[in-house]
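As structure tokens, the structure follows; a few thoughts come after it.
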Amino acid sequence: MRIALTLGHDASRNEKNDYIRSLMEAGFRREEIVVLAPGSQPEGRFDGVVLGGGLDVHPARYGREIKPDANVEIDLDRDSTDFAAFEKARREKVPVLGICRGMQLVNVALGGTLHQDIPSDRPSEIIHEVPGQHPERRDHKVVVKPGTRLAEIARAAEIDVNSRHHQAVERLAPGMEISALAPDGLIEAFESARPWLLAVQWHPENLLKDPASRRLFAEFASVVRASAAEGISSRSNLLTRA
């Protein structure tokens, strides 16, 4: 079992990292989690991919120039690695979990666009980039769409989330289904069925005392194992026929 995890330059790579800790609590062993450093390329087969948070996706990726005074911070190495990891995951049909920047990157990779800066592009009564480092704090509610995979995981019509982003989905990529909205209408989660993909704008890795957050990682682990087993079975059948 190999899980690819993309992180920023300054993120820790040990078991204190909240992404790694969340994946381990979902049942993965530390040695099964491969952290892809910015600038690296994914090598070998992965059974699942987690695209973590970080700096902004370069607007050139969705056909835009950087807006003046939009506070856009980019990392070309991170973009290179994350887009490659996602493209590999889609090509090999393995499950993908996108978190914060990871959600935005998935949307761009599949043909969507982003608000470069929520306060200037789409002023709102909701503060999405809450100042200060209080990762377990809940900053606003999101409304979960009934009948979605996220609704099955959340087991609630509304959930309280943390919020640390100044960009957001503008035009949703084709084929994606909205899973949750903020009170101001911004898209907070989207998903697709096959291959399994779920992307959320908040940071569930920081909310492991929250049952819905634990279930999100547990569901990812479950579908990764099922997908990996299906892949092994398919490859075995091909070898048998050969």
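The values are calculated or read from the model by the stated rules, or taken from the named source; none is laboratory data. None of the values given here were measured: they were computed from a predicted structure. Don't worry about glycine lacking a Cβ; one is built from the backbone with ideal geometry, like all the others, and counts go over all protein chains shown. Just the protein is used for accessible areas: all its heavy atoms, side chains included, with ligands, DNA and RNA removed. Shrake-Rupley method; radii C 1.70, N 1.55, O 1.52, S 1.80 Å.
Values as computed for the structure displayed
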| quantity | calculated |
| --- | --- |
| HN-Hα J in Hz across region 83-94 - Karplus 6.51, -1.76, 1.60, θ = phi - 60°, x for Gly and Pro | 5, 5, 5, 5, 4, 5, 4, 5, 5, 8, 6, 10 |
| Amide proton proximity set for Leu197, modelled H, under 5 Å, gap of 5+ | Val96, Ser192 |
| Accessible area (Å², per residue) of the chain, counting only protein heavy atoms and a probe of 1.4 Å | 46 Å² |
| Mean Cβ neighbour count within 10 Å, used as a protection proxy, ranking 140-153, 64-77 highest first | 140-153, 64-77 |
| Potential extension, Lys209-Ala226 segment - 0.36 nm per residue separation minus Cα distance | 3.5 nm |
| Long pairs among Lys145/Lys209; Lys141/Lys209; Lys93/Lys141, criterion Cα-Cα beyond 28 Å | Lys93/Lys141 |
| Most to least accessible of Ser40, Ser179 (protein chains only, probe 1.4 Å) | Ser40, Ser179 |
| Ranked order, Glu43, Glu25 - accessible area, probe 1.4 Å, largest first | Glu43, Glu25 |
| Karplus-derived 3J(HN,Hα), 6.51/-1.76/1.60, for each residue of region 190-206, Hz, glycine and proline x | 8, 7, 8, 8, 9, x, 4, 8, 9, 10, 10, 7, 8, 10, x, 5, 8 |
| CD proxy at 222 nm, helix term only [per DSSP H run n ≥ 4: -39500 (n - 2.57); per residue of the chain; nearest 500] | -9500 deg cm²/dmol |
| Rounded to whole Hz, the Karplus (6.51, -1.76, 1.60) HN-Hα couplings of region 150-167, x for glycine and proline | 4, 5, 5, 6, 6, 6, 7, 6, 9, 9, 8, 10, 8, 8, 9, 8, 10, 10 |
| Principal-axis tilt of helix 211-241 within the chain, Cα atoms, nearest 10 degrees | 30 degrees |
| Amide H within-cut-off set for Glu129, under 5 Å, with H built and near neighbours excluded | His165 |
